[in-house]
1. Give the percent of DSSP beta bridges with both residues in the chain that are antiparallel, rounded to the nearest 5.
2. Within the stretch 3-30, whose backbone N sits under 12 Å from a point 7 Å along Cα→Cβ of ARG79?
3. What list of ³J(HN,Hα) couplings, whole Hz, do you get for the stretch 177-184 from phi and the Karplus terms 6.51, -1.76, 1.60, once you set θ to phi - 60° and write x for glycine and proline?
4. How would ASP181, ASP201 line up from fewest to most surrounding beta-carbon atoms within 10 angstrom?
5. Which of the residue pairs LYS55/LYS254; LYS127/LYS192; LYS19/LYS55 have a Cα-Cα distance greater than 30 Å in the structure shown?
6. Stretched out fully, how many nm does the piece from GLU304 to GLN90 gain, at 0.36 nm a residue minus the Cα gap?
7. Order by neighbour count: HIS14, HIS250, fewest other Cβ atoms within 10 Å first, most last.
8. Taking 0.36 nm per intervening residue step and subtracting the Cα-Cα distance, what contour gain separates ARG147 from GLU38 on full extension?
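A short reminder: the numbers here are calculations on the coordinates, not readings from a lab. No experiment lies behind these values; they were computed from the predicted model shown. Reconstructed Cβ throughout: ideal geometry from the backbone, glycine too, with neighbour counts over all protein chains shown.
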Amino acid sequence: MSIPLLQVNDLKKHFPVKKGLFGRQTEFVYAVDGVSFEIARGETLSLVGESGCGKSTVGRAILRLFDVTSGQVILDGQRIDDALPSTMRQMRRRVQVVFQDPFSSLNPRMRIRDILAEPIRNFGLAKSAIDLETRVTALMDTVRLPREALNRRPHEFSGGQRQRIGIARALAAEPELIVCDEAVSALDVSVKAQIVNLLQDLQREFGLALLFISHDLAIVEHMTHRVAVMYLGKIVEVAPRREIFAAPRHPYTKALLSAVPLPDPGAKRNPIILGGDVPSPINPPSGCRFHTRCPYVFDRCRTEEPQLRSTEGEQWVACHLDALPAE
Ligand SMILES: Nc1ncnc2c1ncn2[C@@H]1O[C@H](COP(=O)(O)OP(=O)(O)OP(=O)(O)O)[C@@H](O)[C@H]1O
Ligand SMILES: [Mg+2]
């Protein structure tokens, strides 16, 4: 069996924060607290969950935008969480990112030509000046933008076009994995669908793997291979798209998905409203972190943390219940 493109093993990221009047004491935000998953080549894994559950922190750990607290991030068999700068250079090329707001990540003074040429130069991908120009124009074709636009600057484009530029810049590095952190969240519905379709086309064309971070479950349902659901720094369920949308196993997943509109406007899911607020990641609940809001809570949930276990086939769930009670 070939190794997965990406393996994340028991990843933890605890952010220190100062507390008290003079900030002398330190406490920790348990943003990501023991997360494990894999992504195969050419696969899309979506990371979903409410705001603050740790999705972006997982993405940033994979991009190695900071040092992790513990755990491993392994790309194609090689650890990147503790890689030396020399190894990291190649690793950085292989994992690229597309953020929510392309405008903030595109230098407003640079022309598109230079924005796209930069990663090609940085990673030494072009053999000559002609090769560089060929690559830059090819990228415009790939993301379906007119070549004339190469001489323009980011502010001259619409939101959807800027996101195409962000994608082209990511592709310039010839990555194997792209982390899309809320990459389509700020776009209008129709533009959103176009960008998602583009990502899917590119995935097929280049065999790209995607970590698709999103709170938009309707989009996720439309395009992902698998889904990982996070709650307070943990993955509570991970499963193929069809299985998880048809029969969620975790009470939190069930509540989260119950709010997603069905494609047929006549049909409706029964939305489940969870009581209480999401607890603070500074002081997460004991046992199962979801126990304070779970409609099916029992004693064991308050003391013993459930581990991810396989239920059927590829569906993994971290819950003490053998099955969700029927409605
Ligand atoms: N640099 C930091 N210092 C301290 N706390 C942080 C830092 N970055 C993130 N956090 C905290 O870690 C937790 C997880 O944040 P994260 O951005 O990963 O969530 P998210 O799931 O991406 O949320 P959203 O859907 O709003 O983007 C939050 O409580 C957040 O406040
Ligand atoms: Mg985020």
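1. In the chain, DSSP labels about 65 percent of beta bridges as antiparallel.
2. 9
3. Ordered by residue, 3J(HN,Hα) equals 9, 10, 8, 9, 9, 6, 4, 10 Hz.
4. ASP201, ASP181
5. Working: LYS55/LYS254 19 Å; LYS127/LYS192 35 Å; LYS19/LYS55 24 Å.
Long pairs (Cα-Cα over 30 Å): LYS127/LYS192.
6. Result for the pair: 72.9 nm of gain on full extension.
7. Result, fewest neighbours first: HIS14, HIS250.
8. My answer for the length gained is 35.5 nm.
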